[in-house]
1. Any idea which of Leu103, Leu109, Leu119 is over 22 Å from the mean Cα position of the chain (by Cα), under 23 Å from Ser370 (Cβ atoms) and not basic (Lys, Arg)?
2. Among the residues of region 14-51, write down those that are at pLDDT 95 or above and small (Gly, Ala, Ser).
3. Give just the number: which of (1) farther than 20 Å from Gly176 by Cβ; (2) modelled with pLDDT under 95; (3) in a loop (DSSP other than H, G, I, E, B) does Cys54 not satisfy?
4. Looking at Asp354, Asp359, can you tell me which residue is within 22 Å of the chain's Cα centre (by Cα) and farther than 25 Å from Ser152 by Cβ?
5. Determine, yes or no, whether Ser225 is surrounded by 17 or more Cβ atoms within 10 Å (Cβ to Cβ), within 14 Å of the chain's Cα centre (by Cα) and of a type in the set (Ser, Thr, Tyr).
6. Are there any helices (runs of 4 or more DSSP H) wholly within region 384-445 with 3 or more residues that are touching a residue at least 60 places away in the same chain (Cβ under 8 Å), and if so which?
7. Inside region 122-149, can you point out the residues that are of a type in the set (D, E, K, R) and within 22 Å of the chain's Cα centre (by Cα)?
8. Quick one: would you say Ala141 is modelled with pLDDT of 95 or more and under 16 Å from Gly20 (Cα atoms)?
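The values are calculated or read from the model by the stated rules, or taken from the named source; none is laboratory data. It should be emphasised that the depicted structure is a prediction, and the values quoted were computed from it without experimental measurement. So basically every Cβ, Gly included, is an ideal-geometry build from the backbone, and we count neighbours across all protein chains shown.
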Amino acid sequence: MSVVSPSRPAARETSSRLFGLGVFAAALAVLLIRFLVPRPIAMSDNGDGFRVLCGAGIPWKGEPEGFVHLAYTVPAGECDATYLLTQSWFARIARSIGGLLGLEATLSLVVLGVFTSVLAAAAVALIVVGLPYSRRVRGFAAVGLLLVVADSAFFGYFASVLGEGAAFLGLLLAVGGLLVAARPGWWRYAGLAVLLFGGLIAVNAKVQTLMILPLLALAALLVRSAGVRGPKRWLPVVFVIGALAGGTAYAQQTVEPAKLPDGSLAARPGDDSREINMFNTIFLTIVDGRHDTGADLAALGLPASFGQYAGNGWWHPRPATQDPEYPKYREQISRRNVVEYFATHPWRTVEILDRAAGDLLTARPPYLGSFDRSAGFAAETQEYRVPIVSTATKLLAPLGFFALLPIWALIAWRGWKTRRAALGVVLGFLLAVAAGQFVLAALGDGLENVKHQVIALYCTVLGVALALVTFARQERPGVM
């Protein structure tokens, strides 16, 4: 009978930490080169960037722009952020770092991109360390994760004034936290701390990401650490969930309530844009001019005369809001009315979802440029340094549901196969977030659906990368 040396577990722990540090260093080098060579790239402002900038203390007028601003200085005036986006937290940190470096610009997107690249590299390393497979398999997993994170459809958001980058980083950190929390000893508490940090970032990244909170709480409850029973298992998890919920409530209350179109104050985040979203859903998604306009208007309780506004969104030169009859029917521009329409028109709903599936797989809206004006490119020019994932999904986009549902089925199958392990919980979590974000964007706002589906796409391809890992044989049982 062989005797196991007491020092062997300690040696394995040291080796695991060194492996994680090596993955972090390699991932950071890859991401920094990807970001800075031959010149920095980001994502141009679609007109919503004023929210992030205002949250970072920089008044800015929201206008769609074809070029990236690599630096923002503080103009005169004041602003009120209509709701919280955690990308503003990163922007404030980048401002502080820039100040220490003596930069004249108030906010440098180069500093922001370097900082977020550090976080992304750390998240990739945590995920890889948490996988219960051989180093060779985990090395392939790291490559797959980097292909997702560095893809041209996603990476530009990290160094931008848009909220999606924070959602990507928060989700990546939360996944790493879930996997590491399944390991025994101090790893578990480190994982829970990362889970809390990443969860706060992801949940508060945008109004539409608030739905991540209950899904992440459930995932945290389902992840089990080997050898941990009773209160030692549940109390730390309950504390993290409570801190996540309380932190979210506090963060959302730190923003002054926005004014609604009727002059009243919004009671919840996003209330100031709810009428706009429902208006666009009705006149861009439902009453689009390509179906039975009269029947759709009747089902929505709107007059037949509004048929002249079919396909005209909120910002169209001639929207229904300019009609003298609009105030009389304004109550019909509501979430309840839209939900009732979708519930009573299942085939039309499926058609809309199928089109949205194509938008999801399209990956990149054409109007978000990657370069600043000094680069010498035309407005809205996009970079394609790492296009592998987004190119593949774009080729599948014309298939809509016929491509998306099999991809989700793969994630669901591998998640079910590994349901007793943390990786199975992670796959279920990513699939639930992807499906939830997909439905919210498809049925909740008829405008910019390709951009609004990018979080759902990110969770989908991240799920695929991790699902492929489950085909390998586990070599470290009990870690999860």
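1. Values: Leu109 fails: over 22 Å from the mean Cα position of the chain (by Cα); Leu119 fails: over 22 Å from the mean Cα position of the chain (by Cα).
Selected residue: Leu103, the only one of Leu103, Leu109, Leu119 that is over 22 Å from the mean Cα position of the chain (by Cα), under 23 Å from Ser370 (Cβ atoms) and not basic (Lys, Arg).
2. Correct list: Gly22, Ala25, Ala26, Ala27, Ala29, Ala42, Ser44.
3. (3)
4. Working: Asp359 fails: farther than 25 Å from Ser152 by Cβ.
When all the criteria are applied, what remains is Asp354.
5. On the way: surrounded by 17 or more Cβ atoms within 10 Å (Cβ to Cβ): yes; within 14 Å of the chain's Cα centre (by Cα): no; of a type in the set (Ser, Thr, Tyr): yes.
Answer is no for this residue.
6. Details: elements: 388-396, 401-417, 422-444.
Helices (runs of 4 or more DSSP H) meeting the threshold: 388-396, 422-444.
7. Initially, region 122-149 is screened for residues of a type in the set (D, E, K, R), giving 135-136, 138.
Hits for region 122-149: nothing passes.
8. Numbers: modelled with pLDDT of 95 or more: yes; under 16 Å from Gly20 (Cα atoms): yes.
Criteria met by Ala141.
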